[in-house]
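Participant: One structure follows; several queries about it will come next.
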Amino acid sequence: MDNTFTPIEARKPPSSAIGPIAWMKESLFSSPVNTLLTVFFGYLIIRFVPPVIDWAFISANWVGTTQDECTKSGACWIFIKQWFSQLLYGSYPENLHWRVNLALIGLVAVVVLQFFLPQHLRRRVGWVSLLVYPLVSLWLMYGGFGLETVSTDKWGGFSLNILLAFAGILMSLPIGIIWALGRQSKMPFVRVVCISSIELFRGVPLITILFMGSVMLPLFFPAGVQLDKLMRAFIAITLFQSAYMAEVIRGGLQAIPKGQVEAANSLGLGYWKTMRLIVLPQALKISIPNIVNTFIALFKDTTLVLIIGLFEVLSTIQAALQNSNWLGGHHIEGYVFVAFVFWVFCYTMSRISVHIENKLNTGHSRS
Amino acid sequence: MKKSVLFGLVTAAIFSSNVQADTLDDVKKAGMLKCGVSTGLAGFSQKDEKGNWSGLDVDVCRSVAAAVLGDASKVSYKPLTAKERFTALQSGEIDILSRNTTWTATRDTSLGLNFAGVVYYDGAGFMVNKKLGVDSALKLDGAAACIQAGTSTELAIADYFRENNMKYKVVTFETSDQTRSGFESGRCDFLVSDQSQLYSLRIGLKDPDGAVVLPEVISKEPLGPVVRQGDDKWFNIVKWSLNAMIEGEFQGVTSANADEMAKSGKPGQKRLLGAEGDLGEKLGLSADWAHQIIKQVGNYSESFERNVGMDSALKISRGLNAQWNKGGILYSPAMR
């Protein structure tokens, strides 16, 4: 007799527990409230999604060069297509677009390098590239030293947003760290100066600072001295952003147990060494989500420079809407496009932040 | 004591920056005219897809550049918002402000600026739905008005309706786009705005032919170029560059026939074009300054029709902006 044990084949779950119907029962209609919500949102989707898709894709106008060719009822993407170069590069001379492209590629390269280089190279190359890249990109954008000069009032479009945001980020991080350390300093003068600058720039809306920079500041310069408008906007953004950055980093600093500093002191480390080797690496690491958060906020805030007449992407759209050949009311297309571009960039930034967090995770996370 | 010294220094710095020694020299040295324009206003200063500027206000800059530098394209455009325009001029960031700026007594007297003439006589007007069958603003008693908030139009319409003993309801909007949408969706019976704006708003309607612009103009909005006070030489150059365009139309000189007229035109035409007389020298410019303006930019009529008139999408009729002998009030002082 064959004594080997043959298990009975597992029976399938009852048909009431699997399959699409069961899934729907489980997740969509599990209670009267959920059923109501499902019906409600289902109605909303059916009501609103098809018209949007129809507007954006099916009956949209893609081919042509003037608004008269927008004959179908949907979106007039010809508007975006024709203005695309302006939206991206502003009035930057067309034959020199490669310089902007190169600067942007460099930016991506600098960010990507931080992830893919082997550990021992990463640190050195990382710091060098962070110091060298801004100078190189400034040279590429502005010209001089053998390149044709492109004055800043020709810069514009989305590349100006990226540039302002990146430059703001790069400058505000060190200033923010210094202000945050200064705020906790034992020297009264340093402390008072840092606290008052932080509170001054944090307590005022960015728009106000931009206005100050663009309308008030020029009046205080002696005759003949001109500070570039873009430069003024950049300084305003940097000061504002540094104040926020200082507060974010202060949060990180306060989360580091006092014992860490005491341990460092007992090892004989001075103030700067303690900060550089013990406190800041830990403090910055826990601050990353908030730092990225303020960066994303800054990136979106760069559109505010439109109120001082700089042609970033949003004001380019507004200028385009005012062109007498495009007066057909294309603002929805324009704003949808800007929203989409910003969403793509901000989402990418938040993914990068998650990546950095995982990379630096040394087991303190409590999740 | 110390405070007052500091205060004195600061005010001195402010005022010294207002006085620019010699704008003409600066412009010639730089080889570029820095011109303040708006960030975008259909027909007046607008960017195209290639980043080139055009418009009636832009043409004023181009004519000054043609007169001073002999090349209308040597203009560096500085787009300005309404709030920063006067500061930019006072601080010397721009040489001339040509940004649909209304010439008012307050601005002329209190800002340290001079208005160098009028390039466009604007004024608040009405746009109504054709279905209303209204042909005069006096028939709008009891109607609802769509107005953009915070504009001088609000005051103008209040005055107008009170003077005529009529009542109206106000629906205000934040931007001109919203005002248009409000009018389109029937939230009001008529829309009030500056005439020059009405036409561009009308084009943006889904059915432009369903709306009419009424003939009444209820406020004075003379728009013109502005320069800093205290540099009379430069003031004269801007003033007469504008006048040269107006006189060019009056004398029948166009960009097409300017060269020919300089050789074989009537005495008045020759004087304008610098073939006779020494107007250019008196202005501190070359003899053919006006010739360059008309040849490169065109006379007033050419510029008007190209930018806001019948050759443009806006299709604004000349109205007040016709020559004085053709029913308008455009009048250049004598060119001699």
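Here's the yes/no breakdown for (1) away from chain B (no Cβ under 14 Å); (2) open to solvent by 90 Å² or more (accessible area, probe 1.4 Å); (3) touching a helix residue (DSSP H, G or I) at 6+ places or on another chain (Cβ under 6 Å); (4) not in a loop (DSSP other than H, G, I, E, B):
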site	(1), (2), (3), (4)
A:Leu87	no, no, yes, yes
A:Gln114	yes, no, yes, yes
A:Arg123	yes, yes, no, yes
A:Leu131	yes, yes, no, yes
A:Ser137	yes, no, yes, yes
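Participant: Then there is this: Which of (1) open to solvent by less than 80 Å² (accessible area, probe 1.4 Å); (2) within 14 Å of chain B (Cβ to nearest Cβ); (3) over 24 Å from the mean Cα position of the chain (by Cα) does A:Asn95 not meet, given it meets every other one?
Facilitator: (1)
Participant: Run B:Gly112 past the list (1) away from chain A (no Cβ under 13 Å); (2) surrounded by fewer than 21 Cβ atoms within 10 Å (Cβ to Cβ); (3) touching a residue at least 60 places away in the same chain (Cβ under 8 Å) and report the number of the one that doesn't hold.
Facilitator: Of everything listed in (1) away from chain A (no Cβ under 13 Å); (2) surrounded by fewer than 21 Cβ atoms within 10 Å (Cβ to Cβ); (3) touching a residue at least 60 places away in the same chain (Cβ under 8 Å), B:Gly112 misses just condition (1).
Participant: While we're on this one: Any idea which residue in segment A:27-41 is nearest to A:Gly74 (Cα to Cα), counting only those that are in a helix (DSSP H, G or I) and open to solvent by less than 70 Å² (accessible area, probe 1.4 Å)?
Facilitator: Here the answer is A:Thr38.
Participant: Tell me whether segment B:169-182 contains one or more residues that are in contact with a helix residue (DSSP H, G or I) (Cβ under 7 Å, 6 or more places away or on another chain), among the polar types (S, T, N, Q) and under 30 Å from B:Met335 (Cα atoms).
Facilitator: no
Participant: Within segment B:86-98, restricting attention to residues that are within 11 Å of chain A (Cβ to nearest Cβ) and either farther than 9 Å from B:Gly36 by Cβ or modelled with pLDDT of 90 or more (or both), which residue is surrounded by the most Cβ atoms within 10 Å (Cβ to Cβ)?
Facilitator: B:Leu89
Participant: Since A:Gly268 meets every condition but one in (1) free of Cβ contacts under 8 Å to residues at least 60 places away in the same chain; (2) part of a helix (DSSP H, G or I); (3) open to solvent by 10 Å² or more (accessible area, probe 1.4 Å), which condition does it not meet?
Facilitator: Failed condition: (2).
Participant: Next up: Aliphatic (A, V, I, L, M) and farther than 27 Å from B:Ala156 by Cβ, is that true of B:Val68?
Facilitator: yes
Participant: Name the single residue, out of those in segment B:169-188 being open to solvent by 60 Å² or more (accessible area, probe 1.4 Å) and more than 14 Å from every other protein chain (Cβ to nearest Cβ), that is nearest to the chain's Cα centre (by Cα).
Facilitator: B:Thr172
Participant: Further, regarding this structure: Of everything in segment A:186-207, what is loosely packed, with under 13 Cβ neighbours inside 10 Å and of a type in the set (Ser, Thr, Tyr)? Give them in sequence order.
Facilitator: Hit for segment A:186-207 is A:Ser196, nothing else.
Participant: Considering only segment A:316-347, state which residues are of a type in the set (Ser, Thr, Tyr) and at pLDDT below 90.
Facilitator: Scanning segment A:316-347 gives a single hit, A:Ser324.
Participant: Considering segment A:42-68 alone, what residues qualify as being open to solvent by 90 Å² or more (accessible area, probe 1.4 Å) and β-branched (Val, Ile, Thr)?
Facilitator: Matches in segment A:42-68: A:Ile45, A:Ile46, A:Ile58, A:Val63.
Participant: Next question. Which number in (1) away from every other protein chain (no Cβ under 14 Å); (2) of a type outside the set (Phe, Trp, Tyr); (3) touching a Ser or Thr at 6+ places or on another chain (Cβ under 9 Å) marks the one condition that B:Pro267 misses?
Facilitator: All conditions are met except number (3).
Participant: Could you tell me which numbered condition A:Ile352 fails, if it satisfies all but one of (1) open to solvent by 50 Å² or more (accessible area, probe 1.4 Å); (2) within 14 Å of chain B (Cβ to nearest Cβ); (3) among the β-branched types (Val, Ile, Thr)?
Facilitator: Exception for A:Ile352: condition (2).
Participant: Consider only pairs whose beta carbons are under 6 Å apart and that are at least six residues apart or on different chains; among these, list those whose first residue lies in segment A:203-223 and is over 19 Å from A:Thr303 (Cβ atoms) and whose second residue is of a type in the set (A, V, I, L, M).
Facilitator: Here the result reads A:Leu219/B:Ile14; A:Pro222/B:Ala13, each pair linking segment A:203-223 to a residue that is of a type in the set (A, V, I, L, M).
Participant: Here is a follow-up. Filter segment A:139-161 for residues that are more than 14 Å from chain B (Cβ to nearest Cβ) and touching a residue at least 60 places away in the same chain (Cβ under 8 Å); which is farthest from A:Ile80 (Cα to Cα)?
Facilitator: Only one residue tops the list, namely A:Asn161.
Participant: Of all residues in segment B:30-54, which are within 9 Å of another protein chain (Cβ to nearest Cβ), more than 18 Å from the chain's Cα centre (by Cα) and either farther than 21 Å from A:Trp155 by Cα or of a type outside the set (D, E, K, R) (or both)?
Facilitator: Of everything in segment B:30-54, those that are within 9 Å of another protein chain (Cβ to nearest Cβ), more than 18 Å from the chain's Cα centre (by Cα) and either farther than 21 Å from A:Trp155 by Cα or of a type outside the set (D, E, K, R) (or both) turn out to be B:Gly51, B:Asn52.
Participant: Ok, one more. Would you mind stating whether A:Lys273 is touching a residue at least 40 places away in the same chain (Cβ under 8 Å), basic (Lys, Arg) and part of a helix (DSSP H, G or I)?
Facilitator: no
Participant: Oh, and also: Restricting to segment B:292-334, name every residue that is in a loop (DSSP other than H, G, I, E, B), farther than 30 Å from A:Trp326 by Cα and touching a residue at least 24 places away in the same chain (Cβ under 8 Å).
Facilitator: Once the filter is applied, which keeps residues that are in a loop (DSSP other than H, G, I, E, B), farther than 30 Å from A:Trp326 by Cα and touching a residue at least 24 places away in the same chain (Cβ under 8 Å), segment B:292-334 yields B:Ile329, B:Tyr331, B:Ser332, B:Pro333.
Participant: Within segment A:11-23, which residues are among the hydrophobic types (A, V, I, L, M, F, W, C) and either touching a His at 6+ places or on another chain (Cβ under 7 Å) or open to solvent by 80 Å² or more (accessible area, probe 1.4 Å) (or both)?
Facilitator: The answer is A:Ile18, A:Ile21, A:Trp23.
Participant: Just give me the residues in segment B:55-85 being open to solvent by 10 Å² or more (accessible area, probe 1.4 Å), outside any helix (DSSP H, G or I) and more than 9 Å from chain A (Cβ to nearest Cβ), in sequence order.
Facilitator: Hits for segment B:55-85 are B:Gly70, B:Asp71, B:Ser73, B:Lys74, B:Val75, B:Ala82.
Participant: Which condition number does A:Gly156 fail, the rest of (1) farther than 24 Å from A:Val292 by Cα; (2) within 22 Å of the chain's Cα centre (by Cα); (3) surrounded by fewer than 18 Cβ atoms within 10 Å (Cβ to Cβ) being met?
Facilitator: (3)
Participant: Only one residue in A:Gly259, A:Gly329, A:Gly309 is open to solvent by 20 Å² or more (accessible area, probe 1.4 Å) and at positive phi. Which one?
Facilitator: A:Gly329
Participant: If you check B:Trp234, B:Trp240, B:Trp289, which single one turns out to be open to solvent by 40 Å² or more (accessible area, probe 1.4 Å), of a type in the set (Phe, Trp, Tyr), in contact (Cβ under 8 Å) with a residue 24 or more places away in the chain and closer than 15 Å to B:Ala66 by Cα?
Facilitator: The match here is B:Trp240.
Participant: Okay, next question. Residues that are closer than 30 Å to B:Ala313 by Cα, touching a residue at least 12 places away in the same chain (Cβ under 8 Å) and either touching a Pro at 6+ places or on another chain (Cβ under 7 Å) or within 12 Å of chain B (Cβ to nearest Cβ) (or both): does segment A:67-74 have at least one?
Facilitator: yes
Participant: Of the residues in segment A:262-309, how many are within 14 Å of chain B (Cβ to nearest Cβ) and under 22 Å from A:Ser242 (Cα atoms)?
Facilitator: The qualifying residues number 6.
Participant: Which one is farthest from the other protein chains (Cβ to nearest Cβ), of the residues in segment A:224-248 that are over 11 Å from A:Ile209 (Cβ atoms) and open to solvent by less than 50 Å² (accessible area, probe 1.4 Å)?
Facilitator: A:Val248
The values are calculated or read from the model by the stated rules, or taken from the named source; none is laboratory data. Since we're looking at a predicted model, the values are computed, not measured. For neighbour counting, all protein chains shown are included, and Cβ atoms are generated from backbone atoms with ideal geometry for every residue, glycine included. Protein only, heavy atoms only, side chains kept; ligands, DNA and RNA dropped before computing areas. Shrake-Rupley method; radii C 1.70, N 1.55, O 1.52, S 1.80 Å.
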